[in-house]
1. Looking only at residues that are hydroxyl-bearing (Ser, Thr, Tyr) and part of a loop (DSSP other than H, G, I, E, B) in the stretch 169-197, which one is modelled with the highest pLDDT?
2. Kindly indicate whether Lys297 is free of Cβ contacts under 8 Å to residues at least 24 places away in the same chain and either basic (Lys, Arg) or farther than 25 Å from Ala27 by Cα (or both).
3. Condition first: of a type in the set (Ser, Thr, Tyr), closer than 27 Å to Asp30 by Cα and under 19 Å from the mean Cα position of the chain (by Cα). Can you find one or more residues in the stretch 95-111 that meet it?
4. What single numbered condition from (1) modelled with pLDDT of 90 or more; (2) of a type in the set (A, V, I, L, M, F, W, C); (3) surrounded by fewer than 20 Cβ atoms within 10 Å (Cβ to Cβ) fails to hold for Ile200?
5. Restricting attention to the stretch 116-143, report how many residues are within 21 Å of Tyr251 (Cβ to Cβ), part of a loop (DSSP other than H, G, I, E, B) and touching a residue at least 40 places away in the same chain (Cβ under 8 Å).
6. Give me the strands (runs of 3 or more DSSP E) completely within the stretch 1-115, filtered to those with at least 3 residues that are in contact (Cβ under 8 Å) with a residue 12 or more places away in the chain and either among the hydrophobic types (A, V, I, L, M, F, W, C) or touching a helix residue (DSSP H, G or I) at 6+ places or on another chain (Cβ under 7 Å) (or both), ordered by residue number.
7. Taking the condition of being more than 22 Å from Asp310 (Cβ to Cβ), touching a residue at least 60 places away in the same chain (Cβ under 8 Å) and surrounded by fewer than 20 Cβ atoms within 10 Å (Cβ to Cβ), how many residues in the stretch 144-161 meet it?
Amino acid sequence: MENAHKILITGWLGYIWSHTAVVFGQAGYDLVIVDNLSNSHIGVLDAIAQLIWYKPKFYEADIRNTNALEKIFEENSDIDWVIHFAAKKAVWESCQDPFLYYDNNIQGTTTLLKTMLNYNVKNIVFSSSATVYDALKLIPPFSENDRLNTNNPYGTTKLMMEYLLKDMSSYKNFNSVILRYFNPIWAHSSWLIWETPKWIPSNLVPFIYKVAKWEIWKLNVWWNDYKTDDGTWVRDYIHVMDVAEAHLASYKHILDYIQFQTMAENQVWLYDIFNIWTWHGQSVKEIIEISEKITEKNIEYEISPRRPWDIDISIANPLKAKQVLWREATRSIFQSIEDWRKFVNNQDSIETSQEIKHNSSPKQVLKPKSKKK
């Protein structure tokens, strides 16, 4: 590979994970992947190989398994970086089963950090979340030094993982960068990878996609009495490729810091945090309306009871990332959904072609789908 560094990416075959791997792979880095395939598809590996021109070494393993991690590090002794994504991430699920999240997220991170320390791998970029902010008391937009407090187990695990990394930087000479973001959307422009969870999606845009395709009858809008202009909650939706590119910028930030520290008399280990956002929020209704306008598809929805963990507004200040990482979101929500429309149309064409090819009655295949009343 062009670059000397070999990077281990945990949780790679998922949504944000796979897009970040493409960014690193296309930049010339050698990748080693670990994923337990609990909510991802092995087929993503082939799609990534098409985009980066080689198939990364892949291990199907759970990062809570010490023996499995040690095998990976032993067989790849030149790993010197970790990009850590592996974690469960559905807020509603964490409220239903907190112990699942404490075990998976915190135990998994603890085992990973122990193994990294044992093999003297001390550089890490960590995927965190805006759920660590005290959104019930803070006035948005949130900044990196604002008060932290969580209102759901998922957020609690992310905050605990941040504290773990802070301690590793303070006492075990780790260089750590933490990225906080909330609602990544859309996909790589190749249409080869996108958000494809095994189960019903928990994020808004893939749910809208399934409603537009009539795979799901209605979208649930979780209540309409929030303190916003139209009563539905407001979030900062950011293109997944902007998030992926921020991970590469964070990696380079650590590289620059290491180079700077080699010239310093007293070495200080890096622990840095960045918000990765657009600084512009849209409500759920606005996202639905934009989707309907751009895709020319009707998005059915119904107002459902409010959930106790949902907050009114989540928007963060991304200025620090712009100043330090030289990175800011470059893709708008309109561009993201327009890309999504092209994707939907492309998928429809592919599916129709496949049906015609494998069906002896083309007239029946070409019959338009009728929307249920």
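1. Tyr181
2. Values: free of Cβ contacts under 8 Å to residues at least 24 places away in the same chain: no; either basic (Lys, Arg) or farther than 25 Å from Ala27 by Cα (or both): yes.
So Lys297 fails the test.
3. Within the stretch 95-111, one or more residues are of a type in the set (Ser, Thr, Tyr), closer than 27 Å to Asp30 by Cα and under 19 Å from the mean Cα position of the chain (by Cα).
4. For Ile200, the failing item is (1).
5. Within the stretch 116-143, residues that are within 21 Å of Tyr251 (Cβ to Cβ), part of a loop (DSSP other than H, G, I, E, B) and touching a residue at least 40 places away in the same chain (Cβ under 8 Å) number 5.
6. Answer list for the stretch 1-115: 6-10, 30-35, 79-84.
7. Looking only at that region, the number is 1.
The values are calculated or read from the model by the stated rules, or taken from the named source; none is laboratory data. This structure is a prediction, so every number in the text was calculated from the model and none was measured. Neighbour counts are summed over all protein chains in view; Cβ atoms, including those assigned to glycine, are modelled from backbone coordinates with ideal geometry.
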